[in-house]
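> Handing you this structure, nothing more for now.
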Amino acid sequence: MLTNIRTKVLITVALAVLALASVAPRTGAQSAEFSFRSIDGPAVTSESLRGEVVVLGFGASWLPLTRNQMDGLKKLADQYASRGVAVYWVSSESDSQKSKNFASDDDLRALGRKYKITVLRDPDGAVSKRLGVDQLPSSVIINKQGQVVSTVGGMDPNADLAKQLAEKLDKVL
């Protein structure tokens, strides 16, 4: 009888721990291994950025909040350029013309030029999922050791994204 109670308690505790772990924020020492195709230039990889603090803004050109996100990322890039912070915008849109979620390189290039920010592609969403992105727009901050230290999901259209991310960046730098 006592063994059955202990077993039930252990199972309940284990399930509670698993439940808490699944809703915990994705920050800390999660390794950020990735490779993105750049719209203009060579691929951008986690290895090529090792030693730099990196901000990746994930979005889609058709989202209304993309303009706010790109404005905030540009402002952040300007503010932290001299401090070794690399800022990129990552399109989650498909690169297949047959897809309903298609965006051409030319369309994304024009968007990047408008906001003066480097555009990368994650057309199948594999990298964004590995980095803990579960909604668009989102931003991920990676430290100099290549670890995800902050994920900001969603975006308040009235909030100052650059200020929100700057507070998190200042803790990393």
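> Run the quick spin-label model on Asn158 and Lys98: label points 7 Å from Cα toward the beta carbon, then report their separation in nm to one decimal.
About 4.6 nm separates the two model spin labels.
> What is the sum of charges, Lys and Arg at +1 and Asp and Glu at -1, for the other residues whose Cβ falls under 14 Å from the Cβ of Pro64?
Taking every Cβ under 14 Å from that of Pro64, the sum is -1.
> Ranked highest first by the average count of other Cβ atoms within 10 Å around their residues, in what order do 137-144, 149-156, 65-72, 39-46 fall?
Highest to lowest by the protection proxy: 137-144, 65-72, 149-156, 39-46.
> Which of the lysines could a cross-linker bridge to Lys98, judged by Cα under 28 Å and excluding same-chain residues fewer than eight apart?
By straight Cα distance, Lys98 reaches Lys114, Lys129.
> Hey, another quick one. By the scheme Lys and Arg +1, Asp and Glu -1, what is the net charge of all other residues having a beta-carbon under 14 Å from that of Gly41?
Once all neighbours under 14 Å are counted, the net charge is +2.
> Also, I was wondering about something else. How far, in nm, would the chain grow between Ser31 and Lys116 when pulled straight, counting 0.36 nm per residue and subtracting the alpha carbon separation?
Difference between extended and current length: 27.8 nm.
> Related question: Quote to one decimal, in nm, the extra length available between Glu47 and Asp105 on full extension: 0.36 nm per residue of separation minus the C-alpha distance between them.
Once the chain is fully extended between Glu47 and Asp105, it gains 18.5 nm.
> What is the order of Glu33, Glu93, fewest Cβ neighbours within 10 Å to most?
Ranked by crowding around the Cβ, least crowded first: Glu33, Glu93.
No value in this document is a laboratory result; all are computed from the given coordinates. Remember, predicted model here, so these are calculated numbers, not experimental data. Cβ atoms come from the backbone with ideal geometry, glycine included; neighbour counts cover every protein chain shown.
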